[in-house]
Every structure is written in C-alpha cells, then in structure tokens.
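Where a number appears in this text, it was derived from the coordinates with a stated rule and is not lab data. Note that the structure is a prediction, hence the values are computed from the model and not measured. FYI the Cβ positions are ideal-geometry reconstructions off the backbone, even for glycines, and counts take in every protein chain you see.
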Ligand code: GLN
C-alpha cells in the first residue's frame, strides 16, 4: 500500500469509462506520517475540507465541505493523501449506483454491469487499481455489497468503532464508515487508524482498537455458522448457492468447522430495514430545505420554497424513502410499523447473540445474486433484496466483512462474515484465514 503510485492521467482515462470519481483534488497528509503520500479516495458523503460534499445529489451539487470528517482527519495525520471523492447512490440510498445525480458507476469487471452500491464508486476505483483503498459508508450493506460485486474486500466495523462526525447522515442508528481495499490487511490497517473515541460523535466507543497485531495468527478451531434459511429463502440465485456450497467444501477441507444454525428472523431483515432506514432518513433529510444548505428554489412563501427546492433537488429514490419514512413515523401508523420493526430488530439481535455463544462468525454469501446488468432488475423490491445478508450486521451493530471467494462466469463472487459486536479483531483474523484459502482475485484491466 505504501509505495502505491497514483497516476492522475491514467486515473482520468479509466474514470471516463467507469464514472467512479466525482472530483479529483489533492489534499496532502502529514509529511511525518508513516503512510505519507499513500493515496486514497473518499465517498462523496464524507466531508473533506477543500472538496465538495455532493452526496451525489442535485440538492448538494455546489455544496463545499466546511470541515473534515474525523475518520479522514486521522488518515491525513497518518500521512495518507486524499486524491478526490467517489460517486455513490444519492445520499447512499441504493445498491447499484444508478440513483446518483451524476450518472451510474460502471463495474470494472464488465462495463455493462452495476458495480453495486451505494459505495459503488469507492469499490470501482479499488477494483480498477486507481487507489489501494477507498472509504465508503455502510447502512445496510453499502461497503460490503459493492466490494463483493467488484471482487475486493469491504469491511464495516462495529457501530461506534469509527466516528460518524462528517458523514452525511442517512439512518443514524445503522450508518458506519467502512473500508474498501484489495486485501484484508489493508482494511485492518486503515480501520484501526480511523477508529476510537471522538468527542464529536457521542456514539463512538471508548476503546483502543487493535485490529492488526494478531491478524496473521490463525484462530485455532475456527467455527463458522451458516443460517440454514439461506437454502430455503426465495430470490437466491442458484449459481450463488452452488458456489457457496463449493466454498464451504474448501473451508471444511482446510479444517474449519462449518455448521448449520437457524436465524429465524432472517427473513424479516429486508422488511424491517425498509421501515427503520427510511424513517430515520426522512427525519435526517429534513435539514435540506433550501435555507441552510445547497440548492434553493426561491418562491413566494417559505413553505413553497421548501417544496420547490426539495422537489427539484431530490431524485426519485430519495423521495420514495422520505415518503415511506414519513408514513411509517406518522402517528397513525407508528405502532404498526416503526415500533414493530424495532421489536423485530431486538429479536434478530437475540438470534445472533445465541449463535455467537458457540461460533466465531456467521457465514453467508455477500449478496443473493451476481452483479446484474444495467436494466436487468425491474422493481425496487429486486434492488432491496440484494441486501438480505448484509443488513443484519447493521441492525445489530456488528462488524462484518465481504471477501472475494472466487469467480462465476468471469464475475467476482464474495462471501460474508459477521462477528459479535466489538470483536472486530477476531472477525478480521477469520477473514484473513479465509483469504489465505481463497486467495486474492486478479483484477481486470479497464483500459
Ligand atoms: N442498498 C441499501 C439501501 O438502499 C443499503 C444502502 C447503504 O448501506 N447505504 O438502502
């Protein structure tokens, strides 16, 4: 990672093909830092002073960051250099990058396919070898699912491990900054530097995270749990299941214990996510009113100014989420939707707690499908289902990671591990152990 050479001309040429970078800028880190001049890119919903912070939305198209997020500040202190900002689904709402106001990102493996999302730009720049790592945010899978679709590693730490100060809020009880990188080691190094208590985010944990010192030590008798529901739920591609079964065989051959368990509430995760996340989003996004930030469509009254600004500034998917969230939080429906979803969230947590008494991690495919072609998915529901396996980690605040475990029809395939909250170091060790078995994928040449 240290000697990675950032070639601006080449990066621009590649970007013309994949549309992954919204803004090129150079912000140098601390000259005395260990990683001085190592380049990285930042998802454009994380504030970096000296760059815009568009959230890939028209409403913030001309908004300049007024400060630098704590996570980025810590990387700059360690010497890393910000090279720009990456494209995403508008306000991180989406799993395909198609909701960006600046056009979709393309998957470096096949330009006709989606890169996943919402951190699709961050995944694509790593897969296209522009930078060794990029930052993303993960509310329901936005670091891990694009990592899987682009053949790289995506790590979402425990909720509260990394400060959200400077991350544009989507669903505050689920949001977490994460790392997209070529391998597990780099994800661990970068996350460790970003982690730790921050006075500017009261949800950060007061822990001195050590994610790297034992990374290469194998966990003896590593025990993984597979939810048996995977083989029963609808909407999972047969090719994905076959590959997953194949992966399990390789793990067992390598001496890893893999057993089936039950996660009875797994089947509700997508439903409760699409109540909880939009509810929080509808509240968080109320700040974009044309008065304080970004776009303003001046009208005669304050109310019509709000309406016109928001109608012009937000895209379809963001509006859909705001509508859903306003509905599920409304006094007539609160108990039927939000309160109920919160209860199921607790039950899901109980399911996982039980499993973590006996297992080091829960193993699933990262996504139930392979990266689809643009236009292949028809309804919002099909998009929402892509997060079936990644959402639980956000719901229970647990660390989770996607690593590549092979290819199907020349498309990358990723598997996913969730460990108990705070056990990020153990999760990364397990991931490293699996990476040693499956290897690191050779990445495609875009030019
Ligand atoms: N794809 C999910 C959504 O559309 C997750 C997004 C995220 O993690 N930011 O909400």
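Values as computed for the structure displayed
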{"quantity": "The chain, helix-only ellipticity at 222 nm - DSSP H runs n ≥ 4, -39,500 (n - 2.57), divided by all residues, nearest 500", "calculated": "-10000 deg cm²/dmol"}
{"quantity": "For the chain, built as a Gaussian network whose Cα springs stay under 10 Å, the top-fluctuating residue of 155, 327, 389", "calculated": "327"}
{"quantity": "Point-to-point label distance, residue 238-residue 199, nm (Cα→Cβ direction, 7 Å offset)", "calculated": "6.1"}
{"quantity": "Among 249, 378, 49: highest mean-square fluctuation, GNM of the chain, C-alpha pairs under 10 Å", "calculated": "378"}
{"quantity": "GNM top mover of 248, 114, 408 - the chain, alpha-carbon springs below 10 Å", "calculated": "408"}
{"quantity": "Considering only the chain, percent of DSSP beta bridges that pair antiparallel, nearest 5", "calculated": "70"}
{"quantity": "Overall form of the stretch 98-187 per C-alpha gyration tensor (a/c, 1.5; a/b vs b/c)", "calculated": "oblate"}
{"quantity": "For peptides 216-223, 270-277, sequence by mean Cβ density within 10 Å, most packed first", "calculated": "270-277, 216-223"}
{"quantity": "Within the stretch 6-42, backbone nitrogen closer than 17 Å to the virtual label 7 Å beyond the Cα of residue 373 toward Cβ", "calculated": "none"}
{"quantity": "Extension gain from residue 223 to residue 110, taking 0.36 nm per residue of separation minus the Cα-Cα distance", "calculated": "37.2 nm"}
{"quantity": "Residue 410 versus residue 36: modelled label distance in nm, points set 7 Å from Cα along the beta carbon direction", "calculated": "4.4"}
{"quantity": "Cα gyration tensor category, rounded, prolate or oblate, for the stretch 318-447 with a/c compared to 1.5", "calculated": "oblate"}
{"quantity": "Order by protection proxy (mean Cβ within 10 Å, highest first), peptides 187-194, 199-206", "calculated": "187-194, 199-206"}
{"quantity": "Rounded Å value of the spacing that divides the Cα centres of the stretch 344-364 and the stretch 233-293", "calculated": "13"}
{"quantity": "Length added when fully stretched, residue 216-residue 320, from 0.36 nm per residue minus Cα-Cα", "calculated": "32.9 nm"}
{"quantity": "Label-point separation in nm, residue 291 to residue 336, each point 7 Å along Cα→Cβ", "calculated": "3.2"}
{"quantity": "Cα gyration tensor category, rounded, prolate or oblate, for the stretch 124-238 with a/c compared to 1.5", "calculated": "rounded"}
{"quantity": "Centre separation in Å (Cα based) which lies between the stretch 1-58 and the stretch 186-222", "calculated": "23"}
{"quantity": "Between the stretch 121-138 and the stretch 71-116, the alpha-carbon center distance in angstrom", "calculated": "7"}
